[in-house]
1. Between Ala114 and Arg49, what is the label-to-label distance in nm when each label sits 7 Å out along the Cα-to-Cβ direction?
2. Under the 0.36 nm per residue contour assumption, what length would be gained going from the current alpha-carbon distance of Lys64 and Lys19 to full extension?
3. In whole Hz and in residue order, list the ³J(HN,Hα) couplings for the stretch 21-36 that follow from phi through the Karplus curve 6.51 cos²θ - 1.76 cosθ + 1.60, θ = phi - 60°; x for Gly and Pro.
4. Of Leu26, Leu83, how do they rank once you tally other Cβ atoms within 10 Å and put the fewest first?
5. Compute a Gaussian network model of the chain, connecting alpha carbons closer than 10 Å, and tell me which residue from Gly107, Gly14, Gly61 fluctuates the most.
6. With a Förster radius of 35 Å, plug the Cβ-Cβ distance of Arg124 and Val29 into 1/(1 + (r/R0)^6) and report the FRET value to the nearest 0.05.
7. Let me have the 222 nm mean residue ellipticity of the chain computed from DSSP H runs of 4+ only, each contributing -39500 (n - 2.57), with the sum over all residues rounded to the nearest 500.
8. Could you size up the charge dipole of the stretch 3-124 around its Cα centre, putting +1 on the beta carbon of Lys and Arg and -1 on that of Asp and Glu, and report it in debye to the nearest 20?
Amino acid sequence: MSVSKVECKAVIRGKGEVKFDIFKHLAPVTVSAILRELPINARVTIYPRAMICLLTGIKAGVEKQRFEFTKGDVAFLPANGSLCFFLANAKSQSPLNPIGKLEVDLGVLSGLSAGDTMEIIQLREVSEGAQT
């Protein structure tokens, strides 16, 4: 069985960047909608000690929903079309579609403040699976 992974990068103007992976098998319809819209550029919304969200304008329904997420998870909030990066383990009152995972230290995201601008870009698509 193969898993399709897409490597992405979040660039925060004047503060740095962070890499993350999104996985098509977690929420195929949602991930496809996000990939069609890349690059995404918007201001961040900060939920202190919980998550950073980016309002994307993408319309997608609930898909393989979850309410509990761990530090480093990346999810999509269908209620308002936000891409969410979890800075800590958290429970949500609204369902989110899990889509990926941050690769590295969350220091750059932890240092964001209201009004910072983030751009999400695709680095490359990687196919992983069993080798024969």
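Readers should treat all values here as calculations from the given coordinates under stated rules, not as data from a laboratory. Not measured: the values here are computed from a predicted model. All Cβ positions, even for glycine, are placed from backbone atoms using ideal geometry, and neighbour counts span all protein chains on display.
1. Between Ala114 and Arg49, the simple spin-label model gives 1.9 nm.
2. Values: separation 45, 0.36 × 45 = 16.20 nm, distance 2.35 nm.
Length gained, Lys64 through Lys19: 13.8 nm.
3. In residue order, the calculated couplings are 10, 10, 10, 4, 6, 6, 7, x, 5, 5, 4, 4, 5, 5, 4, 5 Hz.
4. On the way: Leu26 20, Leu83 28.
The order, fewest Cβ neighbours first, is Leu26, Leu83.
5. Gly14
6. The calculated FRET efficiency here is 0.95.
7. On the way: 2 runs with 14 residues, N = 132.
One gets -2500 deg cm²/dmol as the mean residue ellipticity at 222 nm.
8. 100 debye
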